[in-house]
Amino acid sequence: MLARGHRFHGHKSLTYVHRHGAVVRGQHMAVRFVINNRRTDYRLAVIVSRKVHKSAVSRNRIRRRIYETVRTGKPITQAYDIVVTVFSDQLIESPPAELAHVVRNLFSKAGLYHNAAPTANRSDRAIVKPQKDDV
């Protein structure tokens with residue numbers, strides 16, 4: 001489970017990220033992010049709509065798997081507000097290594113890791129097209 005300090009609280013923060021954040025899209029999910037200068041750690045929210053899967057159990061499983069992937073993956077050193085929007089139910093059956101690859105690939109394209117070069121312009125609402133190697 002993601003630590004309490006890394007979770008969003010309140011609806012206005014999500015609205016701000018959706019309005020001002022840059023977007024990196026993949027085949028199964030999109031990552032929207034913006035730098036938050038008021039914090040020292042990153043915050044993460046995972047949104048899985050009812051359109052993805054009718055069962056709340058399945059939606060929560062997807063959400064928990066992504067939280068765990070981010071928690072155990074590479075460290076995010078800057079204070080970002082990150083919103084991951086899932087729009088494919090194929091992540092329920094995907095193996096953990098494949099899910100980790102997809103999340104790491106999108107986060108590195110976004111430049112969220114310390115040594116990764118950003119591909120999306122953080123000042124604009126840039127959209128980065130998915131590559132063929134995205135799963």
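The numbers here are math on the coordinates, done by the rules we state, and not lab data. Keep in mind it's a predicted model, so treat the numbers as computed, not measured. Reconstructed Cβ throughout: ideal geometry from the backbone, glycine too, with neighbour counts over all protein chains shown.
Computed values, structure above
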item	result
Hits in the range 39-59 (condition: in a helix (DSSP H, G or I) and hydrophobic (A, V, I, L, M, F, W, C))	Ala56, Val57
All positions within the range 3-38 that are crowded, with 17+ Cβ neighbours inside 10 Å, in a loop (DSSP other than H, G, I, E, B) and under 13 Å from the mean Cα position of the chain (by Cα)	Gly21, Gly26, His28
Residues (in contact (Cβ under 8 Å) with a residue 40 or more places away in the chain and under 16 Å from Arg4 (Cα atoms)) located in the range 48-85	Arg64, Tyr67, Glu68, Val70, Arg71, Ala79, Tyr80, Asp81, Ile82, Val83
